[in-house]
Amino acid sequence: MYYPFTSKTEWEVVKWAKLCGSSSTAFLDLLSIDRVSIFLEQVVVAGEAFDVYYHNIIKCVKSLYSDPDFARYLTFAPEQHHTDEDQMVHLFRDMHTGKWWWETQLDENCPGGTIVPIIISSDKTQVMMFHNKTAYPRKPSCGAHILLAYLPTTRLEHITNKASHCHTIANLYHACLCCVLALLKPTGLDGVLMHSGDGALRRCHPLFASFVGNYTEQLLATGIKFRECLNPISLAALDHGNLAFVHACATAGVKPIIHPFWEDLPFANIFQAITPDVLHQLYQGLIKHLLGWLSAAFGAAEIDTHCRWLPPNHHICLFTKGITCLSHICCFILGIIINISLPNNLDASRLLRSVQGLLDFLYLAQYPCHSSETLHSLDEALDLFHENKEIFIQLGIQNNFNLPKLHAAHHYHLMITLFGTTDNYNTKYTKCLHIDLAKDAYHATNHKDEFIQMTHWLEQKEKILQHLKYVTWHLAGGHQSEPYHSHPSDMTFRCELVMTRHPSAKAVSIQKLVEDYGATHFCEALAHYIACHSQALENLAGDIHFPFQSLPIFHKIKWCSIDTGGHSKGHVTLDSVHAKLQQWSGSRLVARQSDTALVRLGEDSNTNDLEGVQVQAIFALPPKSILLLFPPTFDVPPHLAYIEWFIPFPSAPD
């Protein structure tokens, strides 16, 4: 089972050495497991040769396709999901529910083939803080991701002309990718036989489907100039000579790349393949712009002051020093600006609506499952911003809105219908693995001829992890995992209340509840509750005497739900409410926390029945006291909460 190692001990030592220990190469002779091999190719651009280290892309695809751990998740044909019997409302989730797979599957030359969509991602990262060492790690090697290649970077200092320098950098990028993706052309057209993890043999066509990257990477991949829309062009002008081709590219706003990597890839449309980038386009793009506009409109001090007034709540990270000085901003701007007046008595409602439009678009764009109706809401949110954005021009904050990231928002609807929801192609997946694929690998080298050492280091690590999966599978008895159903999960929201097994404080006196927890009218409220459920007159509530002097107190309520995507086990915390007294944490005094919550007054899901409350204390009644205070027919909840009511919501917004 531990082959090629002679014993379990030897296997554990090697595993530790490569995953946790030093980067010594003394164990190379033991690492003889067959794995995806690494190729070295030289690309000559502008008289300079560059080394490209890359994997065989078809072997990478086969490695993922044949992995038994992924067998239950594989989908071999496109599907259409609907929410109604008339099939008028479409659902878009994973890539196989999008239109791209359906349109590509209709090929008449090779009917019946299994499409294997290839998602390519590139992102340059800094591997060392000195000497300007950078690398392009493509496609993170973790789980369902594989590192495909290290693309070289260079300054090309011998090219002094700025335009020629930019064109040469672009040509180097595309020349390298042409080598890396060359095998996609014959296999994409003719297909290749592959065994999936369940043992079935299919004729598969690996096709370039989408490109994931930030705006800089998108410009590099498409050749589009800065601030230009990613519109398709024709390469036919190249047949009329280089000069005609350069003029045609200049007219279209495209850099004259002679042989882009996507030129010969079957069924490839690079301008359609550029997918939305929630991380850079929305969070680090539009929302960051929005915070700058609001700071200019109201002043940074006013924004930070309102930020400090926000009450603590679940999923909200509060910044007591403000947010205008942060490089990574928060997403609760709408609540901050509601009561701020604009200079020159301008109407703040338009600014509020524009902010609401952008924030609604941000959250709608990240839905894990979209329907025709939610996509319509996505468009309405963007339209709401555009209808009210002139307020920023009137305030002198913006001269125009010619922002590439704002223009890209118009393509979200189309991209979701083509390739599924945005979580299928989010750059955060590649961004978070820079350390594993580039930085750790670089630090394991002697910093001389680092690329070949980095590739060897990663190859050894992949072999160890691959063999670890086999050992784990063998020790588990070699059982195949249960089949996975890719149908959309039930959209009904279900949650359950979860409390700690033991109270946070076993016996808190009623006087301490009033003084330290802020439960000012605790006795009156509890007596009123008992009277209402004991068929007693409400005016007799003052005559009720409690057979206890202290109560068990809980400091937190959680509402949990099973993951609706079906990809994880256990409970997922959806919301929580805290009710804590002021206490010392080491040498720091932590203020009392009484969270704000929404309480539903009726049984239905009508939002008009919601009222705002502040939870002051969470407690449980002693079992013996329940028998004395309530009739046997009344089922007393195991936990109760003392709340303070806010002013009821108005029937119409201000």
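The values are calculated or read from the model by the stated rules, or taken from the named source; none is laboratory data. Since this is a predicted model, take the numbers as computed values, not measurements. Every residue, glycine among them, receives a Cβ derived from its backbone with ideal geometry; neighbour counts consider all protein chains shown.
Numbers below:
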{"item": "Identity of the residue in region 386-436, surrounded by 18 or more Cβ atoms within 10 Å (Cβ to Cβ) and among the β-branched types (Val, Ile, Thr), that ends up modelled with the lowest pLDDT", "result": "Thr430"}
{"item": "All helices (runs of 4 or more DSSP H) inside region 345-412 with 3 or more residues being touching a Pro at 6+ places or on another chain (Cβ under 9 Å)", "result": "none"}
{"item": "Residues located in region 43-96, provided they are closer than 22 Å to Cys178 by Cβ and assigned to a strand (DSSP E or B)", "result": "Val43, Val44, Val45, Glu48, Ala49, Phe50, Asp51, Val52, Tyr53, Tyr54, His55"}
{"item": "Tabulated pairs, region 635-654, first over 16 Å from His533 (Cα atoms), second of a type in the set (Phe, Trp, Tyr), C-beta under 7 angstrom, 6+ apart or interchain", "result": "Tyr642/Phe522"}
{"item": "Matching residues in region 248-298 - criterion: being part of a helix (DSSP H, G or I) and closer than 30 Å to Pro186 by Cα", "result": "Ala248, Cys249, Ile270, Phe271, Gln272, Ala273"}
{"item": "Residue count for region 96-105, restricted to those that are within 16 Å of Leu375 (Cα to Cα) and buried (at least 21 other Cβ atoms within 10 Å of the Cβ)", "result": "2"}
{"item": "Index of the failed condition, Ala237 passing every other in (1) part of a helix (DSSP H, G or I); (2) out of contact with any Phe, Trp or Tyr (no Cβ under 7 Å at 6 or more places or on another chain); (3) modelled with pLDDT under 70", "result": "(2)"}
{"item": "Region 584-619, residues that are of a type outside the set (A, V, I, L, M, F, W, C), loosely packed, with under 12 Cβ neighbours inside 10 Å and either assigned to a strand (DSSP E or B) or modelled with pLDDT of 90 or more (or both)", "result": "Ser585, Arg588"}
{"item": "When residues of region 120-154 are limited to those that are aliphatic (A, V, I, L, M) and surrounded by 19 or more Cβ atoms within 10 Å (Cβ to Cβ), the one modelled with the lowest pLDDT", "result": "Val127"}
{"item": "Qualifying residue in region 343-362 (condition: aromatic (Phe, Trp, Tyr), crowded, with 20+ Cβ neighbours inside 10 Å and at pLDDT 85 or above)", "result": "yes"}
{"item": "From the options His456, His487, residue that is at pLDDT below 75 and not in a helix (DSSP H, G or I)", "result": "His487"}
{"item": "Single unsatisfied condition, Leu30 versus (1) outside the structural domain of Leu193 (by TED's automatic domain parsing); (2) modelled with pLDDT of 80 or more", "result": "(2)"}
{"item": "Wholly enclosed strands (runs of 3 or more DSSP E) of region 144-228 bearing at least 3 residues closer than 30 Å to Gly113 by Cα", "result": "192-195, 201-212"}
{"item": "Residue match in region 266-281 (condition: charged (D, E, K, R) and either modelled with pLDDT under 85 or surrounded by fewer than 18 Cβ atoms within 10 Å (Cβ to Cβ) (or both))", "result": "no"}
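This table checks each residue for (1) surrounded by fewer than 12 Cβ atoms within 10 Å (Cβ to Cβ); (2) closer than 23 Å to Phe634 by Cβ; (3) out of contact with any strand residue (DSSP E or B) (no Cβ under 6 Å at 6 or more places or on another chain); (4) at pLDDT 85 or above.
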{"residue": "Phe493", "(1), (2), (3), (4)": "yes, no, yes, no"}
{"residue": "Ala505", "(1), (2), (3), (4)": "no, no, no, yes"}
{"residue": "Glu515", "(1), (2), (3), (4)": "no, no, yes, yes"}
{"residue": "Gly518", "(1), (2), (3), (4)": "no, no, no, yes"}
